[in-house]
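Values in this text are rule-based calculations from the coordinates and carry no lab data. Computed from a prediction, not measured in an experiment: that's the story for all the values here. Methodologically, a virtual Cβ is constructed for each residue, glycine included, from the backbone with ideal geometry; neighbour enumeration extends over all protein chains shown.
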Amino acid sequence: MRDNFLEIKGLSCGYPGGFSLKSLNLTLPRGAFAGIIGRNGSGKSTLFKSITGDIRLTGGSVVLDSAALTGLTLKEKARRIATVTQFVETGPVTVREYVLMGRIPWLDSFSYSYSAADTEIAEKYMALTGLTELSESLVTGISGGELQLTAIASALTQGPSLLLLDEPTAHLDIHYQAMIMDMLYRLNREEGLTVLMIIHDLNLAGGYCDHLIMMNNGEISVEGTPDEVLTPENIRSAFGADVLIISHPITGKPVIISNLPGVSGKQATNDSKPDAE
Amino acid sequence: MSSKGRGLKYGLMLLSSVFLLLLSFLCSLAIGEVPFRLVDVPSILSDTASMEYGILTHIRIPRTVLALAIGGSLSLCGVILQGIYRNPLVEPYTLGISGGAAVGVTLAIVTGLAIKGIPLSIFGFAGALVTVFIVYALSIRNNRMSTGKMVLIGVMISFISSSVVMLLMSMTNAEQLHGIIYWTMGSLNETDNAVVLTLLGVSLLMLASTLLFIVPLNAMRLGESKARHLGINTNTIIRILFVITSLMTGSCIAVAGIIGFVGLIIPHISRMLTGTDYRVLLPAAFLNGAIFLIWCDILARIVISPNELPIGVITGIFGGIAFIFILSSRRLKSRLL
Amino acid sequence: MGTTARLIQKAGLFLVTAVFIVCFSGCGGSAGQPASPADAGIYSKVVSLTPSVTRSIYQLGAQDILTGCSSYCEVSELDSITVSGSVIGPDIEKIVSLKPDLVILSDFVSENDVETLEKFGLKVEIFRSPGSFEELCSEFIRLGKMVGRGKEAELIVEESREEVRFLQEKSKEEDSKPGIFMQIGASPVFSVIPGTFMDDYITFTGAKNIAAELTNGIVGREYVVSKNPDFIFIVTMGDFGDSEKVQWSRFTRMNAARENNIHIIDARIACEPTPGNFMKTLRIMAGYLENGKKE
């Protein structure tokens, strides 16, 4: 029985005079590990920002655990949803301070110091992300991967029920990619954290997510398990690329192999419109 | 260092700043054309008929209190604005407030309105308010304040204002010219004790009210986007802080003219000493600004004694030197923002 | 043509060119200039951009030679005198169009403007702000000679000198010299200092200028209070006089405040260096000092 933990109905939003989404519907159960995939410009970021609240809705609703997001204050939203953006802005703070700020939504209106409990939570997630040794370093002085981990630790410190991530591994090396995805996977399984992330690496998407949402031209074109979504036809229609899909020898999950030029007989085209099928 | 240890360290720092402020205050009372000994001050205060009493109560105490209030306020405004705009070159005057005030005062002097019993400070304040209103109105788009836009508009207004002031100056006579220029260089010579006390009260009130914004300001160090994700309503907060700092700056300008650099330098120096956590930074900026301006005022009085330098000259020179020194030290520069 | 003819032609050309050059350079400064400064009374069309000089011309009864004045000069409408600029900024085109034979400027006018006027062939005379009463007198006589009223000028000056001598004699009888602070500005507080004709107001009345050792007039209030002046004279055109009087009165221990010897003097009279106004101001101040001492 699917409980509709995250329910998006008829969502419309967009940039005035520019790209917009019209009447999207999406539901996720509690504890889902969902990925949004699609080409650049397919609407992934727009959908993402409409859930985080960075873009205003022009129609429809987003309901999380029976609470409509538009009716909540920013603080109430921050207690439920934590966001990790693709590019993390740095500031003149240490890693520890950055992570601790995740507790801000839980501070009383006029208190300004963190309780012992707050510090404990922050330290727990710093340990989880392996940042304990860096805790006194300024975030301006750490590597990209460490910065991403800091942002994730801070988001986890918020104690959210829904974690939103925008391409968390996009510009990181394999070490951090694997580390972050593994950690999120464990948190999802062990603590029941619902995860929704934009992900461009289809293999990571297929390997970790239990639910995939494929976007194309501002619409959700396909939804389902990785096996259902990651088919050569779907990928051709959404990405305009011909690929081979095999089964992972250990996990059995779909693994995408891109073609070498000239192998399949069908040439990859350079135009922006994918083939209609 | 544990957070308790850190808390202790900063607590001690603030305490020593308070002590330094007290010391500076007393020095300012003692130094001048007629030198007092600090130990004599209490006896002078009781001898209400003496000339020294007159000097102390009508000249030195008002000046020192004013230096405290204005130095503290401008520095506080500077540290808040630098936090909101995340730009190390922002100071209370970057938003064009001083330009607007200067236009207001120059207009008043040139058109002769100033003579009709209305003090110049009213025109200065009015000019500042008009500028604030213009910047505010032009910076809102889709109900959001664009901080980048505000800085640009402010800088533009500053340029336009200085041109207008120069235009007006070219149309005046020598006596008016002197008055305009002297006003723009800043002076702590306000002798109406009611005004002095009011400004002190307002600046302390402002300090107290900004303490309510410590958490949002701390969060905004990571950018507006992150702050919003943490539940901080940056729109509202930026607007409120903008209005508070503008009114405060306008009041300071109205009373003492344009005293530059305090709002630019002292925040940076404070950051170097106490870090960027606003729990310590806000009170530290206020205290350091007050101490700085008191000493600038003392210098203004004694450097070419018995003549007096306008205080804007002293803050400009010392502020400028300090700024260059900070920028050339790499270790200090890393703590800038 | 023969060689001689060619030589004559060359010489002729040379001569014409030389005359041309001489004439051209001569146009720069010498056109319209009188033969020597001793030739007084030749000037019949004068532009004066210095209010004190304009007033002096009126005092000498020579206003019919005035064709132009500054926006600040006080002139009679009946005399149809054209406003040709401000005290520091002459309206060059207007001045030139008036075709004056003398232009009188203050020393505020920039050198560029003076040069430009001279390039038009106009005679320019600068009248500086006098540093003393004596200089004021000699400048008055100089002006008198220029407008053909030399004798009248000398008479007026001699009368003034008489009165000054009388005052100085009277003050010698006093044994103490009261301290005077003469304020000519409010923001900042600006004092009269030695080396200006206004300082003579103080010395001629037998008093001492408390700012006697200063070279710059910007003083702090503390300085004034510490010198404990017996009289304070606030010279103003009406804008800061009353508020300054109130400020000084608060220092109840200061002699001037205690004895109510803080007085306002009209700047229009005190600051204009003409013999008439100088004597008026001097008399006013002497009167205040007389009354003040009667306590």
Residue B:301: net charge of surrounding residues, Cβ under 13 Å, Lys/Arg +1, Asp/Glu -1, itself excluded? -1
Counting pairs of alpha carbon atoms under 8 Å apart in space and at least six apart in sequence, what relative contact order in percent does the range C:176-293 give? 25
Go ahead and set up a Gaussian network model of chain C, Cα springs under 10 Å, then flag whichever of C:196, C:116, C:274 fluctuates most. C:116
Would you mind calculating the relative contact order of the range B:187-306 from Cα pairs under 8 angstrom and at least 6 residues apart, reporting the percent as a whole number? 30
Based on other C-beta atoms within 10 Å, arrange B:229, B:178, C:263, B:268 from fewest to most. B:178, C:263, B:268, B:229
Within the set A:187, A:165, A:212, GNM on chain A using Cα springs under 10 Å gives the largest fluctuation to A:187
How long are the three semi-axes of the equivalent ellipsoid of chain C, in whole Å, if each is the root of 5 times an eigenvalue of the C-alpha gyration tensor, listed from largest down? 50, 20, 17
Measure out, as a whole number of angstrom, how far apart the alpha-carbon centroids of the range C:129-178 and the range B:236-310 sit. 54
Could you work out which residue, out of B:32, B:260, B:54, moves most in a Gaussian network model of chain B, that is, has the largest mean-square fluctuation with Cα springs under 10 Å? B:54
Arranged by the count of other C-beta atoms within 10 angstrom, fewest first, what order do C:279, A:126 take? C:279, A:126
Please report the antiparallel percentage of the DSSP beta bridges confined to the protein assembly as shown, to the nearest 5. 45
Using 25 Å as the Cα-Cα cut-off, could you pick out the over-long pairs in B:4/B:226; C:227/C:293; C:245/C:293; A:75/B:149; A:22/A:75; A:22/A:49? B:4/B:226; A:75/B:149; A:22/A:75
When the helices in chain B are scored as -39500 (n - 2.57) per DSSP H run of 4 or longer and the sum is shared across all residues, what 222 nm value do you end up with, to the nearest 500 deg cm²/dmol? -24500 deg cm²/dmol
Each residue of the range B:39-46 in turn: what ³J(HN,Hα) in whole Hz from Karplus with 6.51, -1.76, 1.60 and θ = phi - 60°, glycine and Pro shown as x? 5, 7, 3, x, 5, 5, 5, 8
Name the shape class, rounded, prolate or oblate, that the alpha-carbon gyration tensor gives for the range B:238-337, where a ≥ b ≥ c are the square roots of its eigenvalues, rounded holds for a/c under 1.5, and otherwise prolate holds if a/b is larger than b/c and oblate otherwise. oblate
Evaluate the charge dipole of chain B about its Cα centre and quote only its size in Debye, nearest 20, assuming +1 on the Cβ of each Lys and Arg and -1 on the Cβ of each Asp and Glu. 1800
Long-range amide H contacts for residue C:82: which residues qualify at under 5 Å (H placed 1.01 Å from N, peptide plane, sequence gap of 5 or more or a different chain)? C:68, C:69
For the protein assembly as shown, what does the convex hull of the Cα positions come to per residue, in cubic angstrom? 286
Enumerate the aspartates and glutamates that residue B:9 could reach by cross-link, defined here as Cα to Cα under 15 Å, with residues fewer than 8 away along the same chain left out. B:277
Amide H of residue A:21 versus every other amide H placed in the peptide plane: which residues, excluding those fewer than 5 positions away on the same chain, fall under 5 Å? A:13, A:14
Once phi for every residue in the range A:62-79 is put through the Karplus expression 6.51 cos²θ - 1.76 cosθ + 1.60 (θ = phi - 60°), the whole-Hz ³J(HN,Hα) values, with Gly and Pro written as x, are 10, 10, 10, 6, 6, 10, 6, 5, 5, x, 8, 6, 4, 5, 5, 4, 5, 7
Sorted by chain and then number, the residues having a modelled amide H within less than 5 Å of the amide H of residue C:185, at least 5 places away or on another chain, are C:190
Using the Karplus curve 6.51 cos²θ - 1.76 cosθ + 1.60 with θ = phi - 60°, work out ³J(HN,Hα) for each residue of the range C:126-138 in order, rounded to whole Hz, and write x for Gly and Pro. 9, 10, 7, 5, x, x, 6, 5, 4, 5, 4, 5, 5
For chain A, what is the mean residue ellipticity at 222 nm derived from helices alone (per DSSP H run of n ≥ 4: -39500 (n - 2.57); sum divided by total residues; nearest 500 deg cm²/dmol)? -9000 deg cm²/dmol
If you restrict to DSSP beta bridges whose two residues both lie in chain A, what percentage is antiparallel, to the nearest 5? 60
Taking the Cα centroid of the range B:187-234 and of the range B:122-137, what is the distance between the two, rounded to the nearest whole Å? 19
At a 10 Å Cβ-Cβ cut-off, how would you order A:84, B:313, fewest neighbours first? B:313, A:84
Consider just the alpha-carbon atoms of chain A and return their Rg together with their Dmax, both in angstrom. 19.6, 67
Under a point-charge model restricted to the Cβ atoms of Lys and Arg (+1) and Asp and Glu (-1), what is the dipole moment magnitude of the range A:1-89 relative to its Cα centre, in debye to the nearest 20? 80
Lysines within cross-link reach of residue C:99: Cα-Cα under 19 Å, excluding same-chain residues under 8 positions apart? C:45, C:119, C:123
